[in-house]
1. Is there a residue being surrounded by fewer than 19 Cβ atoms within 10 Å (Cβ to Cβ), of a type outside the set (Ser, Thr, Tyr), over 28 Å from Ala318 (Cα atoms) and under 25 Å from the mean Cα position of the chain (by Cα) anywhere in the stretch 120-130?
2. Under 9 Å by Cβ, and 6 or more places apart or on different chains, what pairs join a residue from the stretch 58-74 that is small (Gly, Ala, Ser) with one that is assigned to a loop (DSSP other than H, G, I, E, B)?
3. So which residues in the stretch 4-26 are of a type in the set (S, T, N, Q) and either within 26 Å of Lys265 (Cβ to Cβ) or without any contact (Cβ under 8 Å) to a residue 24 or more places away in the chain (or both), if there are any at all?
4. Can you find a residue that is at pLDDT below 95 and more than 25 Å from Ala53 (Cα to Cα) anywhere in the stretch 340-351?
5. Being in a loop (DSSP other than H, G, I, E, B) and on the phi < 0 side of the Ramachandran plot is the filter here; which residues of the stretch 203-232 pass it?
6. Looking at Cys39 and the list (1) surrounded by fewer than 19 Cβ atoms within 10 Å (Cβ to Cβ); (2) assigned to a helix (DSSP H, G or I), which single condition is not satisfied?
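The values are calculated or read from the model by the stated rules, or taken from the named source; none is laboratory data. Keep in mind the model is a prediction, meaning the values are calculated, not measured. With ideal geometry, Cβ positions are generated from the backbone for all residues, glycine too; neighbour counts draw on all protein chains shown.
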Amino acid sequence: MYDVIVIGSGSAGMTTAGSLNEAGWKTAIIDERPFGGTCALRGCDPKKVLIHASEVLEQAQRLKGLGLEGSLSIHWEDLMNFKRTFVQEVPETIEQSLKDSGIDTLHGRARFIDRETIELDGRQIKSKKFVLATGASPAELPVEGAGYMLSSDDFLELDHLPSSIVFIGGGYISFEFAHLAKRAGADVHILQRGGRALKGFDTELVEKLIDYSESIGVHVHLYTEAAEIIPEGQGYKVHAEKEGTAETFYGDIIVHGSGRTPNVKALELENAGAAYDEKHGITVNEYLQNTTNENIYAAGDCADTSGSPLTPLAGFEAGYVSTNLLENNSTPIHYGPIASATFTVPGLTAVGMTGEKASANGLSIVTEDVSSWFTYKHKNEKTAFVKLIIDKERDTVVGAHALNSDAASFINYMTLVIQHEIPASSLSQTMFAYPTNASDLQYFV
């Protein structure tokens with residue numbers, strides 16, 4: 001019998017397996033896919049390699065005729081081959097590292113058969129404790145012919161870029177890949193069922209990003225619900241409805257970009273008496289322990305918590321799981337400000353309170369079009385915005401939002417400011433290197 005079995009080898013699974021093994025627990029880790037998880041193999045890391053190429057292309061195009069001449073273009077096959085150099089050795093490297101540390105690595109799809117036993121490819125394995133870190137997968141959509149859609153995993157493995165792509169859903173996956181595909185030469189459309197794309201980000205800045213997306217040829221269709229996907233020729237057509245009117249879109253491929261749901265159903269948790277919800281995930285308490293089976297803990301995208309489905313958060317939650325297993329539920333989880341980013345070009349980022357909530361609470365909102373500021377003007381950047389939410393009574397920044405080429409680094413600065421409650425007034429007394437986006441902070445407060 002194991003002391004703990006970890007199911008899932010992404011950020012959350014690796015963190016807990018490593019910590020518990022170091023503490024002397026007999027540990028096994030299981031994954032039905034290659035070791036490494038979504039972020040390292042099929043998400044954040046390989047995606048960023050591809051997106052950086054479009055960032056460089058965009059920067060060069062903005063300065064064409066202003067000191068730069070000639071033309072650049074994205075060569076998809078070469079870019080994909082470069083991307084693969086970042087992922088192809090990861091599974092073997094991770095698995096060997098786990099084995100070298102004394103952790104048993106197992107492959108296959110695990111399912112519970114009772115409160116302390118799983119079945120793995122016909123083999124029954126017992127453990128005192130379980131940590132579930134199985135992540136999430138594309139949500140099932142009520143679209144006839146949904147099986148014709150490609151997933152984000154599939155998109156990241158395309159050997160050749162199709163000439164036309166339709167993205168179903170207006171989330172970050174659709175926008176990031178649409179920006180990339182458009183700059184690589186494809187005709188792209190995003191179909192968003194409701195009127196609000198990129199939920200979780202500032203409404204005003206989302207609207208500005210949509211305007212910019214349209215200006216570079218990314219067609220964003222709000223209030224447009226896909227109903228049916230039908231093969232036609234070498235591609236597909238999508239029957240949709242936009243505010244009561246039938247519309248048809250054509251694409252060589254159709255890509256699912258409409259959210260993800262926790263990977264919990266295949267675990268057969270009901271056999272273990274463990275509470276869960278197929279849409280929201282494994283039900284846990286403040287210690288990330290299942291509410292009906294005290295031997296099961298969960299972290300990351302498969303856990304039903306108030307945290308966002310982000311890789312850094314999965315590792316953060318896993319740290320609490322490890323502590324609570326080792327110290328008998330000593331530490332309830334506490335979430336600080338959580339930064340999030342959509343890696344479009346320009347990028348869209350957010351942390352803390354939204355503008356809508358700030359308005360309802362009477363807090364100060366500072367919104368600046370910073371395209372004329374030197375930080376962005378010297379790059380000939382026409383779309384650049386920053387928004388801060390300030391509690392003047394407490395002299396603290398409680399929210400920050402950005403849409404510009406430096407949005408990711410800016411939001412990380414602001415996460416530190418919010419996390420540590422650095423007085424807003426003190427930012428004007430901090431000597432940052434100039435000219436940088438950090439040196440701009442003093443002018444917002």
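1. No, the stretch 120-130 contains no residue that is surrounded by fewer than 19 Cβ atoms within 10 Å (Cβ to Cβ), of a type outside the set (Ser, Thr, Tyr), over 28 Å from Ala318 (Cα atoms) and under 25 Å from the mean Cα position of the chain (by Cα).
2. Hits for this filter: Ala60/Gly70; Ala60/Ser71; Ala60/Leu72; Ser73/Ala184; Ser73/Gly185.
3. Going residue by residue through the stretch 4-26, those that are of a type in the set (S, T, N, Q) are 9, 11, 15-16, 19, 21.
If the condition is that a residue be of a type in the set (S, T, N, Q) and either within 26 Å of Lys265 (Cβ to Cβ) or without any contact (Cβ under 8 Å) to a residue 24 or more places away in the chain (or both), then Ser9, Ser11, Thr15, Thr16 are the ones that fit.
4. no
5. First, the residues of the stretch 203-232 that are in a loop (DSSP other than H, G, I, E, B): 216-217, 222-223.
Within the stretch 203-232, Ile216, Leu222 meet the criteria.
6. The failed condition is (1).
Results for (1) among the aromatic types (Phe, Trp, Tyr); (2) closer than 30 Å to Asp391 by Cβ; (3) over 16 Å from the mean Cα position of the chain (by Cα), shown as yes or no for each residue.
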{"residue": "Ile282", "(1), (2), (3)": "no, no, yes"}
{"residue": "Cys302", "(1), (2), (3)": "no, no, no"}
{"residue": "Ser322", "(1), (2), (3)": "no, no, yes"}
{"residue": "Asn328", "(1), (2), (3)": "no, no, yes"}
{"residue": "Ile333", "(1), (2), (3)": "no, yes, yes"}
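So that you can scan it fast, the table gives a plain yes or no per residue for (1) free of Cβ contacts under 8 Å to residues at least 60 places away in the same chain; (2) outside the structural domain of Ser163 (by TED's automatic domain parsing); (3) surrounded by 20 or more Cβ atoms within 10 Å (Cβ to Cβ); (4) not aromatic (Phe, Trp, Tyr):
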{"residue": "Gly233", "(1), (2), (3), (4)": "yes, no, no, yes"}
{"residue": "Tyr236", "(1), (2), (3), (4)": "no, no, yes, no"}
{"residue": "His239", "(1), (2), (3), (4)": "yes, no, no, yes"}
{"residue": "Thr245", "(1), (2), (3), (4)": "yes, no, no, yes"}
{"residue": "Lys265", "(1), (2), (3), (4)": "yes, yes, no, yes"}
{"residue": "Glu268", "(1), (2), (3), (4)": "no, yes, no, yes"}
{"residue": "Gly273", "(1), (2), (3), (4)": "no, yes, no, yes"}
{"residue": "Tyr276", "(1), (2), (3), (4)": "yes, yes, yes, no"}
{"residue": "Ile282", "(1), (2), (3), (4)": "no, yes, yes, yes"}
